[in-house]
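J.: Quick one: this structure, given as structure tokens, is what I'll be asking you about.
The values are calculated or read from the model by the stated rules, or taken from the named source; none is laboratory data. Bear in mind that the values here come from a model prediction, so they are computed numbers and not experimental data. A quick note on method: Cβ atoms are made from the backbone with ideal geometry, for glycine too, and the neighbour counts reach across all protein chains shown. Surface areas here come from the heavy atoms of the whole protein model, side chains and all, with no ligands, DNA or RNA. Shrake-Rupley method; radii C 1.70, N 1.55, O 1.52, S 1.80 Å.
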Amino acid sequence: RYFMDWKNDVDSYFTIDATEGTIATNELLDRESTAQYNFSIIASKVSNPLLTSKVNVIINVLDVNEFPPEISVPYETSVCENAKPGQVIQTITAADKDLSPAGQRFSFKLSSEASNKPNFTVHDYRNNTAGIETRRNGYSRRQQELYFLPIVIEDSSYPVQSSTNTLTIRVCRCDSDGTIQSCNVEAIFLPVGLSTGALIAILLCIVILLVIVVLYVALRRQKKKDTLMTSKEDIRDNVIHYDDEGGGEEDTQAFDIGALRNPKAIEDNKIRRDIKPDTLRFTRHRPPAEDNTDIRDFINQRLQENDVDPSAPPYDSLATYAYEGNGSVAESLSSIDSLTTEADQDYDYLSDWGPRFKILADMFGEESYNPDKVT
């Protein structure tokens with residue numbers, strides 16, 4: 001019988017047939033993690049198990065090319081603005097995670113989409129290194145600051161593995177000897193010889209100027225606004241502020257619009273109507289209207305009284321003249337003041353009222369009055 005001498009966990013990767021002695025794997029093996037396994041196998045006689053022997057077994061894991069090569073380290077590549085064609089700006093190398101046998105070679109070349117662009121090229125030195133060379137005369141940071149160069153790297157194992165690695169190239173400002181002076185982003189916008197401190201000073205001056213301009217405009221607007229404002233104490237005002245809402249249409253004593261209706265009366269009297277007089281207002285006694293007075297004359301008389309009245313309030317008012325006319329010669333025809341009976345009434349005066357009362361005179365006159373004929 002055959003047995004595994006279990007001494008560590010490594011032995012769990014393999015198993016052995018007890019009768020045939022065939023060794024087999026229990027799990028997948030990875031040469032990159034463990035390249036060699038070492039364990040022991042014990043053989044014993046079936047008829048006499050005490051008769052045993054032990055032998056050491058060493059298993060070497062063969063390599064399979066499963067990882068593509070890559071650029072060995074990240075490069076910070078830069079190119080001068082004044083670079084010439086054919087100038088080498090970077091030398092690169094590759095590495096493979098597979099434990100490659102001695103003599104394995106790596107090849108370098110540009111990807112198909114980058115080979116048509118006349119900016120950079122890759123020169124394979126055939127010793128697992130390559131150089132990045134320029135293909136144009138001069139580069140401008142203002143036009144393009146960064147270039148991305150895709151490089152294809154292949155190994156020589158079977159099956160062949162390859163990968164595409166992108167190299168970032170930054171355009172920098174250099175002196176005549178090729179020494180890099182500035183590669184930062186702000187250098188793109190700064191002219192030659194202008195430092196960061198100078199840029200900060202310029203920006204600070206611009207901010208101060210803007211603040212001064214804003215303050216000046218604000219002061220000018222405030223001054224203009226104060227000039228246009230109308231003083232309430234200025235007697236030259238042509239706008240009268242009443243500030244009183246009044247009592248409505250039925251309030252005939254609160255407002256006086258005479259100042260607006262007849263400005264000539266104000267000029268004649270030279271009385272200011274924008275302030276309230278100190279003297280107490282006295283009651284005006286209006287003379288009674290004469291009989292047969294024309295309504296227009298009556299209204300003009302009342303209007304003149306209100307216009308020249310110095311005690312009138314300094315605001316609009318509605319003057320009610322309360323004139324209903326001279327009345328009728330027939331006086332009241334109401335039955336309230338009638339006599340008790342129709343027999344006691346005298347209708348002879350109806351004939352004196354004129355032709356408009358002729359029908360009533362005929363109906364109720366003393367000569368022609370007949371109650372039976374009245375309908």
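J.: Scan region 10-36 for residues that are outside any loop (DSSP other than H, G, I, E, B) and surrounded by fewer than 11 Cβ atoms within 10 Å (Cβ to Cβ) and jot them down.
T.: Ala24, Gln36
J.: Evaluate region 129-146: report whether one residue or more is modelled with pLDDT of 90 or more, under 30 Å from Ala35 (Cβ atoms) and in contact with a strand residue (DSSP E or B) (Cβ under 6 Å, 6 or more places away or on another chain).
T.: Yes, region 129-146 contains at least one residue that is modelled with pLDDT of 90 or more, under 30 Å from Ala35 (Cβ atoms) and in contact with a strand residue (DSSP E or B) (Cβ under 6 Å, 6 or more places away or on another chain).
J.: Taking region 86-126 on its own, how many of its residues are in a loop (DSSP other than H, G, I, E, B), closer than 22 Å to Glu66 by Cα and modelled with pLDDT of 90 or more?
T.: Qualifying residue count, region 86-126: 2.
J.: Report every pair of residues separated by at least 6 positions or lying on different chains whose Cβ atoms are under 9 Å apart, first residue within region 158-174 and at negative phi, second of a type in the set (A, V, I, L, M) and open to solvent by 60 Å² or more (accessible area, probe 1.4 Å).
T.: From region 158-174, the pairs are Cys172/Ile180; Arg173/Ile180; Arg173/Val192; Cys174/Ile180.
J.: Checking Phe39 against (1) open to solvent by 60 Å² or more (accessible area, probe 1.4 Å); (2) among the hydrophobic types (A, V, I, L, M, F, W, C); (3) touching a helix residue (DSSP H, G or I) at 6+ places or on another chain (Cβ under 7 Å), which test does it fail?
T.: It is condition (1) that Phe39 fails.
J.: Out of (1) open to solvent by 70 Å² or more (accessible area, probe 1.4 Å); (2) farther than 24 Å from Tyr147 by Cα; (3) β-branched (Val, Ile, Thr), the odd one out for Val57 is which?
T.: Result: Val57 fails condition (1) only.
J.: Anything in region 115-140 that is open to solvent by less than 20 Å² (accessible area, probe 1.4 Å) and closer than 27 Å to Ser182 by Cβ? List them, or say none.
T.: Phe120, Gly131, Ile132, Thr134, Gly138, Tyr139
J.: While we're here: Where the second residue is aromatic (Phe, Trp, Tyr) and open to solvent by 80 Å² or more (accessible area, probe 1.4 Å) and the first is touching a residue at least 12 places away in the same chain (Cβ under 8 Å) and lies in region 124-138, which pairs have Cβ atoms under 9 Å and are six or more apart or on separate chains?
T.: Short answer, once both residue conditions are applied: Gly131/Tyr125.
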